[in-house]
1. Label-point separation (nm) for N354 and M209, each offset 7 Å from Cα along Cα-to-Cβ?
2. I'd like the antiparallel share, as a percent to the nearest 5, of DSSP beta bridges with both residues in the stretch 252-445.
3. Using modelled backbone amide H atoms (1.01 Å from N, in-plane), which distant-in-sequence or interchain residues come within less than 5 Å of Y306's amide H?
4. Provide the gained length on full extension for the span E395 to S336, in nm with one decimal, where the gain is 0.36 nm per separating residue minus the Cα-Cα distance.
5. Provide the convex hull volume over Cα atoms per residue for the chain, in Å³.
6. Given L296, I261, L348, which one lies farthest toward the positive end of the charge dipole of the stretch 252-445, if we put +1 on the Cβ of every Lys and Arg and -1 on the Cβ of every Asp and Glu?
7. Note down the net charge around A190, summing +1 for each Lys or Arg and -1 for each Asp or Glu among other residues with Cβ under 15 Å from its Cβ.
8. Want the number for Q33 to D318: 0.36 nm per residue separation, take away the alpha-carbon distance, what's left?
Amino acid sequence: MAATISEAEIRQVVSQVLNRIQTTPATSWDSTQYGGRKLIGIYEDMNEAIKAAETGYRAIRSMSVEERERIITEIRKRTREEAPIMAELGVAETGMGRVDHKRAKHLLVADKTPGTEDVVSAAKTGDNGLTLVEMAPFGVVGAITPSTNPSETVICNSIGMIAAGNGVVFNPHPNAIASSNYAVDLVNRACKAAGGPDVLVCSMKKPTMESAAIMQSHPSVRLLVCTGGPGVVRAVLSSGKKAIGAGAGNPPVIVDDTADIAKAGKDIIDGCTFDNNLPCIAEKEVFAFRNIADELISVMLRNGAYQINANQAKQLADVVLVSKTDKNGKTKMTVSRDCVGRDADVLLSKIGINVSKDIRCIICETDFDHPFVQEELMMPILPIVRVDSIDQAIELACKAEHGNRHTAHMHSKNIDHLSRFAKAVETTIFVKNAPSYAGIGFGGEGHTTFTIAGPTGEGITSARSFTRQRRCVMADSFRII
Ligand code: NAD
C-alpha cells in the first residue's frame with residue numbers, strides 16, 4: 001500500500017519550513033534531508049547519480065506502459081498533496097515568488113502535464129507491407145533546471161521523461177537545491193509506492209558547473225534538456241549531444257485601440273504579477289496605442305498597480321540592475337539577484353516608497369531604450385511605451401523580444417493586427433486577449449510545461465519531446481486489406 005502524507009503531517013512540515021524562513025540563511029539549506037527525512041536519489045558524485053539513474057531506467061524498461069502510467073498517477077497525487085510544502089519551501093529557499101502562485105503552479109503541473117498517452121506510435125501500410133514507427137526512450141536524460149520554477153520544473157520534466165520511459169539525472173540550480181531535491185525525492189517516493197524502482201530520478205547534493213560538465217560528457221547520458229538563461233542553453237547546445245534548449249524570453253504585449261481595455265489592463269497585471277513575474281512567459285513590457293494608454297493605465301491602477309515617475313524609475317533601475325564584467329572583461333547590465341521575483345512593495349521600499357501589500361505591480365511610462373524594456377527583469381515592474389500605429393508597435397515589440405522567439409501577447413479585436421504581430425514576432429507562444437499564463441494551459445486550452453523549447457524547436461515540451469523514433473519494417477506482408 002502506498003504511503004501518503006496526512007494533512008496533519010503536511011501542516012507540521014509547513015510549520016517547520018516557516019520556522020526555517022526566520023532562522024536559516026539561503027546558503028545553508030540542507031539538500032539531502034527534509035524535516036529529518038533523508039531524501040531519496042541525492043548523490044555527492046555525478047557519476048554515481050548517473051549510474052543510479054541508469055539502473056532505474058533499466059528497471060522501468062521491463063515495465064509495461066500501464067505500470068509506468070501508475071507511477072505518473074502517483075507523482076500527480078503526491079504533487080497535489082505536497083504542493084503547499086513545495087510552495088513554501090520554494091519561496092523560503094530562493095526568496096523569490098509568491099506562495100499562493102507557486103502552489104497553483106504545482107497543481108497545474110500535476111493536472112496538465114501529459115503522461116504516457118502523449119507517446120503514440122505510427123503505422124504505414126502499402127504495397128510493400130507494414131512499417132511501424134515507435135517513440136522510444138533515450139535512456140538517461142540529463143536535465144538542468146532553473147531557480148525560478150525549481151520544483152515545478154523537476155516534477156514536470158520527470159513526468160514527461162518517465163512517461164517516455166527514461167531515467168533522469170538533474171543538475172539543479174544551486175540557489176534552489178533544497179526545493180529541487182525535495183521534488184526529486186517526491187518522484188522517487190511515488191515511483192517506489194507505485195511498484196517501480198527505488199530510484200528513478202537523481203540529483204546532486206551540491207550541483208556545480210563541474211557536475212554539469214560531467215553530466216554533459218558522460219556516455220550514458222543520451223539527451224540533455226536545459227531550462228535556464230542564455231549562458232547555460234549555449235553550453236548544452238555546444239556539448240555535441242542531442243540537446244533540448246529552453247532559454248530566456250522578454251515577452252512584449254501590444255494593446256491597440258480595438259481592445260477591451262478594462263479586460264486588457266486586468267489581464268496584463270494578473271499575468272505580469274503571477275509568481276512575481278518569474279515565469280519566462282510573463283508580460284515584461286507593454287506597447288500601448290497612444291489614444292488608449294491613459295485609460296489602460298487607470299485600469300491597471302485599479303487592479304493593484306502603482307505608478308512611478310521617470311525619476312523614480314531611474315532610481316529603481318539603479319537598484320534592480322547591476323553592472324557585471326564577464327570573463328572577457330566586457331561589462332554589461334544584469335538583474336540584481338536580490339531583486340528578482342520580489343514583491344512590488346519590497347522593491348518600492350528600496351527607493352523609499354512605502355505602500356501596502358495590496359500593491360502587486362510597479363508601472364511606469366518609459367521610452368523604448370529604457371533598461372526596463374530591454375532587460376528581462378523577472379520582477380513585477382512593467383514599463384509602458386506609447387506608440388502611434390500598429391506598424392510602430394510591431395516593430396518595437398519585435399525588437400524588445402530580442403529574437404528569442406519565446407513568447408508575445410496582444411490585446412486587440414482587429415484580426416489583421418493580431419495576425420500581423422503573430423507572424424512578425426515568430427514566438428513559440430502567442431497569447432491573444434488573456435493573461436500570459438493562458439499560454440501554458442492555466443485558463444487556456446492545451447497541456448502545460450515549464451520547459452518551453454524555442455531555440456531547439458520542441459516548443460511546449462511533453463513526453464514525446466523526450467523520445468527517439470525507431471522504425472520496424474515488415475516487407476510485403478501484414479496488411480489486412
Ligand atoms: P540560470 O541561467 O541562472 O540557471 C539555469 C541553470 O543553469 C542552473 O542550474 C545553473 O546552475 C546552470 N548553469 C548556468 N550556467 C551554466 C553553464 N555554463 N553550464 C552548466 N550549467 C550552467 O537561470 P535562472 O536564473 O534560474 O532562470 C532564469 C532564466 O531561465 C531566465 O532567463 C528565464 O527566461 C529562463 N527560463 C526559461 C524557461 C523556458 O522554458 N524557456 C523556463 C524557466 C526559465
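The values are calculated or read from the model by the stated rules, or taken from the named source; none is laboratory data. Since we're looking at a predicted model, the values are computed, not measured. When we count neighbours, we look across all protein chains shown, and the Cβ atoms used for this are built from the backbone with ideal geometry, even at glycine. Quick note on the areas: whole protein, heavy atoms, side chains included, nothing else; ligands and nucleic acids left out. Shrake-Rupley method; radii C 1.70, N 1.55, O 1.52, S 1.80 Å.
1. For the pair N354/M209, the computed spacing is 4.3 nm.
2. So the antiparallel bridges amount to about 20 percent of the total.
3. Answer set, sorted by chain and number: C361, I362, I363.
4. On the way: separation 59, 0.36 × 59 = 21.24 nm, distance 2.87 nm.
Using 0.36 nm per residue and subtracting the Cα-Cα distance, I get 18.4 nm.
5. On the way: hull volume 80.7 nm³, N = 481.
Hull volume normalised by residue count: 168 Å³.
6. Positive-most Cα among the choices belongs to L348.
7. Taking every other residue near A190 into account, the sum is +2.
8. Separation in residues times 0.36 nm, less the Cα-Cα distance, equals 98.7 nm.
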